[in-house]
Amino acid sequence: MNKLNLNNKLKELRQAKKLSQEELAKMVGTTRQTIISIEKKQFNPSTKLALLLCVALDAKVEDMFFLN
């Protein structure tokens, strides 16, 4: 069975809003290191954090996260 990988467009969406990693982290109550890890696809956020990121970036979940 093929392994499904969760990918995201967090970096692109964050940059489109002209936010730094630090600014976004503060908005959603996490650390810059967590944002970096998500952007590098090294860490999958919890459902709560994923939803907070979507709200902060005014994005739909399906536009930010996708399986590959």
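The values are calculated or read from the model by the stated rules, or taken from the named source; none is laboratory data. Remember, predicted model here, so these are calculated numbers, not experimental data. Cβ atoms come from the backbone with ideal geometry, glycine included; neighbour counts cover every protein chain shown.
Hey, among LEU4, LEU19, LEU52, which residue is touching a helix residue (DSSP H, G or I) at 6+ places or on another chain (Cβ under 7 Å) and either at pLDDT below 95 or of a type outside the set (Lys, Arg) (or both)?
Just one listed residue meets the conditions, LEU52.
Can you give me the ranges of the helices (runs of 4 or more DSSP H) entirely in the stretch 1-64 with at least 3 residues that are loosely packed, with under 13 Cβ neighbours inside 10 Å, without any contact (Cβ under 8 Å) to a residue 60 or more places away in the chain and more than 10 Å from the chain's Cα centre (by Cα)?
By residue number, 47-56.
Can you tell me which residues in the stretch 23-35 are out of contact with any Ser or Thr (no Cβ under 9 Å at 6 or more places or on another chain) and of a type in the set (D, E, K, R)?
Matches in the stretch 23-35: GLU23, LYS26.
Restricting the search to the stretch 26-68, which residues are hydrophobic (A, V, I, L, M, F, W, C) and out of contact with any Leu (no Cβ under 8 Å at 6 or more places or on another chain)?
ILE36, PHE43, LEU49, ALA50, LEU51, LEU52, CYS54, VAL55, listed by residue number.
With respect to LEU67, determine if the residue is surrounded by 15 or more Cβ atoms within 10 Å (Cβ to Cβ) and either among the aliphatic types (A, V, I, L, M) or more than 16 Å from ASN5 (Cα to Cα) (or both). Walk me through it before giving the result.
Working: surrounded by 15 or more Cβ atoms within 10 Å (Cβ to Cβ): no; either among the aliphatic types (A, V, I, L, M) or more than 16 Å from ASN5 (Cα to Cα) (or both): yes.
No; evaluated as a whole, the condition is false for this residue.
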